[in-house]
Amino acid sequence: MTSPGFRPTHVVPPRGLPAWEAPDPARPTMPLDPLLPVQLVERRGDWGYIRCANGWGAWVDGRRLVAVPEDPPAAGGPDGTADPRPLLARAEQALGDYRAAVEALAAGGLDGEAFGARTEGLRIGIVIDGESMWLYDPREGRWVYSEGRLLNTYATDRAVTGTDDTGHAPTRLVAPEGER
């Protein structure tokens, strides 16, 4: 069940994220699933208190959360060229495959190990809110946004490649010992 008014501000990184009951490493709780949408509610230094769509909350390393842009990309921008229908068809097929595996598991035709093998590699994500749609493209490792006609890249799982020279030394967030 989604909490009323839940609007994610961040998503969990692609490899998941440890979570704690309090901002104390000695009190771990259940880790968060990869790419889970969350709302950052409070910050205490590097700690961040997040709330999930179902109302559950926990403390995490707030530095590792991936910020969600406030507004979706402008429709028809330079990246908005792909037709969303093939990606929707692949998501529909993956959901159908998962549902068939759940049905087989519930009917006793699969055990837990066979269910895991049958569903291995299936990965979809979709949010539809009126005319707006966010859809995960597992082949490209990215979330895309669409208002029905074109897809625009919204966020990506992929690491940034290249070592562009910015022309200045890296920013230091904390002064080394002896320089304080």
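Which residue is least open to solvent (accessible area, probe 1.4 Å), if the candidates are limited to region 17-39 and must be within 19 Å of I128 (Cα to Cα) and assigned to a strand (DSSP E or B)? Only one residue tops the list, namely V38.
When each of P69, P73 is tested for being at pLDDT below 90 and either over 22 Å from E147 (Cα atoms) or surrounded by 16 or more Cβ atoms within 10 Å (Cβ to Cβ) (or both), the lone residue that passes is P73.
Of the residues in region 40-48, none is in contact with a Leu (Cβ under 6 Å, 6 or more places away or on another chain), open to solvent by 70 Å² or more (accessible area, probe 1.4 Å) and either of a type in the set (D, E, K, R) or modelled with pLDDT under 95 (or both).
Among the residues of region 130-145, just one is buried (at least 16 other Cβ atoms within 10 Å of the Cβ) and in a loop (DSSP other than H, G, I, E, B), namely P138.
Restricting G116, G96 to residues that are closer than 17 Å to P34 by Cβ, at pLDDT 90 or above, out of contact with any Leu (no Cβ under 8 Å at 6 or more places or on another chain) and outside any strand (DSSP E or B) narrows the list to G116. Criterion applied to P14, P8, P4 was being closer than 21 Å to E147 by Cα, modelled with pLDDT under 90 and part of a loop (DSSP other than H, G, I, E, B), and the one residue passing it is P8.
The values are calculated or read from the model by the stated rules, or taken from the named source; none is laboratory data. A quick note: this is a predicted structure, and the numbers were derived from the prediction, not measured. Note: ideal-geometry Cβ built from the backbone for every residue, glycine included; neighbour counts use all protein chains shown. Accessible surface is based on the protein model in full, side chains and every heavy atom, while ligands, DNA and RNA are left aside. Shrake-Rupley method; radii C 1.70, N 1.55, O 1.52, S 1.80 Å.
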